[in-house]
Each structure stands twice: as C-alpha cells, then as structure tokens.
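Asks: There's a structure below that I have some questions on.
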Amino acid sequence: MGSEILEDENYPEDDFQEEESSLIFKITKAFLALVLVFGMLYFSGVREYFFFSRTSENIQLESFDPIIEGEELKLSYKVKIIREPFFGSERSKDEVYSLMSNTAAILSQAGIDLIGGEVIERELTKEELLSLLDGDFSSLKIDSGMVNIILVKNLGGLNGVAYPGRRVAMVADYTAGKDFRTLAHEIGHLLGLGHKDNSRYLMSQGATGDRLSMEEVIKMRKTLNEEF
C-alpha cells in the first residue's frame, strides 16, 4: 500500500515537468514563427507601408536664396519611371513633376537650376528591375552629361541611392522623409558631396535636413562644371 501511495505522489511531478517542457517548446516555436514573419515582411518590402510613406504632390517649396553669387548653372536630367507589377514605381507623371519642382527649389541655394525634364515610363521584368538595385543598368539607356533619375517602389529600406560613376540617382516611392529631399541628397552625392553629421544639412543621413554649406556649394558647382 505504502509503495503505491509513493508512486501516486510521483505522477504529478512528472506531469508538471512534461507540461513545463511543452510550454517552453511552444514559446520557442512562437518566437521563431514571429522572426520568420518579420523577416518575410522585411524582404518583401511590406514593412515600408508602415514605416515609410508617399510624399504628397500638393507640397510646393519656394526657391531658396542662393548662398553664393555668380552665374546660375544648368543641370540637365531625365526621369525614368520603372513599371513592374511588384517592385515598379506607382508614381503618376504629375507626382514626378512635383518631385522635380521641389528638388529644384532645394538645389537653388547652390545656384543650380534643373533643366530638361523628360519623363519616360519603362516596363521592365522583375529580373531586370532587381538588376537595377545591384547597379546593373544594362536594361536602360543611361544618358551621359546629365542626371539619370530612376524611380521604383522601394529600395529595401533605403530612401534613395546614388551611383556617381554612372550619374544615376534612384529614389523610392516610399521614403522616411520627403522624396524631394531624398532626391536632392542623392544629386548632392552625384555632384561630389559626402555625408555630413549635422542633421540640419541636406547631406546628413537623416531624413529632414535641407541646407547646404558654402563649402558644399563650391564643391557642387565645381563638379558640375567639370564633369557634366
């Protein structure tokens, strides 16, 4: 009898250990599932709908006062709107014109005027578009002597990216700040500027600065005269 009572008292402890192990296993599974889901959202670009946004085409910036006296320099550009069902840009041409107008307003402080303005829509395959993100522009005609602006839906978490050697600036539809600030920032890179620590400035790695220093303006104008 005593032996049977001892065996009965051991069962609840075994059950508790099994339940504890089962609970830890379930928590681990749930955690791994969450990691997988967030990973899929990250790489699919869905997260950008939550943390990034489209810039309203109704925003109209006034031109900035020039920082430097001298001749206004002209910088030609061409815009290529990439169309593709999953990663292609959703912008209308009116949105592009607003983007370029506001970008020009920011660059006016350097005495630089954006001119040209041809806007082209290009249909690409998913593979061709993904090649663009890797810096392979063989599927597009890249024009020399001007800024080539490529618009896509997202850039995997980046607002924009510049390829100075190719005179290419890519900008996402969904950005952490204003898209025109992003484009002006990338054009700054094409004109020889690096990043700046002060968040008030256009070349900071934040999403709000729009100012240029005298030193930066001189550098931009020198690069424009020599390389474009």
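Values in this text are rule-based calculations from the coordinates and carry no lab data. These figures come from a predicted structure and were not determined experimentally. Ideal geometry is used to build each Cβ from the backbone, glycine not excepted, and the neighbour counts take in all protein chains shown.
Asks: Within region 183-225, count every residue that is in contact (Cβ under 8 Å) with a residue 60 or more places away in the chain and in a strand (DSSP E or B).
Replies: Of the residues in region 183-225, 1 are in contact (Cβ under 8 Å) with a residue 60 or more places away in the chain and in a strand (DSSP E or B).
Asks: Pairs needed: first member in region 151-163, of a type in the set (F, W, Y); second member anywhere, outside any strand (DSSP E or B); C-beta distance under 9 Å; at least 6 residues apart or different chains.
Replies: Filtered contacts from region 151-163: Y163/G135; Y163/F137; Y163/H189; Y163/L190.
Asks: Specify which of the listed residues (A184, A172, A176) is under 22 Å from S53 (Cα atoms) and surrounded by fewer than 22 Cβ atoms within 10 Å (Cβ to Cβ).
Replies: That would be A176, the only listed residue that is under 22 Å from S53 (Cα atoms) and surrounded by fewer than 22 Cβ atoms within 10 Å (Cβ to Cβ).
Asks: Could you identify the single residue in I149, I187 that is touching a helix residue (DSSP H, G or I) at 6+ places or on another chain (Cβ under 9 Å) and over 18 Å from E90 (Cβ atoms)?
Replies: Testing whether each residue is touching a helix residue (DSSP H, G or I) at 6+ places or on another chain (Cβ under 9 Å) and over 18 Å from E90 (Cβ atoms) leaves just I187.
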